[in-house]
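Some notes on the structure that comes next.
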Amino acid sequence: MDFHDVAPGLRYWFAPHPAWEPGNDWPEEVLSVEYEAPGALVLIDPLVPRGQEDEFWEHAQRLGAPVRVLLTAPWHRRDAALFTGALLEGDPPAGIETFVADGVQEGQRAFFIREHRTLVVAEYFMGAADGLRVCPSPAETDPDPFIPSLHRLLDLPIDRVLVAHGPPVLTGGADAIRNALEAAERA
């Protein structure tokens, strides 16, 4: 596995999405997150590269904590089934806060890892060469409150934004969010 360390106990990796096709408006490689929370190894939107499932499972076992899976959207189940009994439908483990934007389908959310000042998000933003862009989900149900509700993220001390689609923002996360919101409001 090719992990990218963000901070002690926080890393991400990329894997090719099996449903990706040329012409999609998102990159083939999607990002998944691993966080060593107090008492649990938390995987967010896990997608393990094909052929590396055993290696990944051995890695998770070496860390010695029970595995818990969080999803930023219901359709991001991806490889959650590899971790039988690990999918959390309710509250996230200690150290992770949930953010839900207005006007989106039930089940869409972002996760804020306060210890590392990191936002993990899939359907609200997409990474771009120059930062972030607002990326309303195809499952969005009411576009009017969506972008204004994202301004609540600016109340959080966000340094990093790990996005499922596109490059992550590893410094200046709050500024990247602010810039993306301003660009979306001008459009």
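Some observations on this one:
- 10 Å Cβ shell holding at most 14 others, DSSP loop, chymotrypsin sites (Phe, Trp or Tyr not before Pro): longest site-free stretch of the chain: 21-187
- Formal net charge of residues neighbouring Val163 (Cβ-Cβ distance under 11 Å; K, R +1; D, E -1): 0
- When you filter the trypsin sites (Lys or Arg not before Pro) in segment 35-72 for DSSP loop state and at most 10 other Cβ atoms inside 10 Å of their Cβ, you are left with Arg50.
- Using the Cβ of Pro49 as centre and a radius below 10 Å, the other residues enclosed give a net charge of -4, where K and R count +1 and D and E count -1.
- Paramagnetic label zone (point 7 Å from Cα along Cα-to-C-beta, Met1; backbone N under 20 Å) in segment 61-82: 61-73, 76-82
All of the numbers you see were taken from the coordinates with simple rules; none came from a lab. On a predicted model such as this, the values are computed, not experimentally measured, just so you know. Methodologically, a virtual Cβ is constructed for each residue, glycine included, from the backbone with ideal geometry; neighbour enumeration extends over all protein chains shown.
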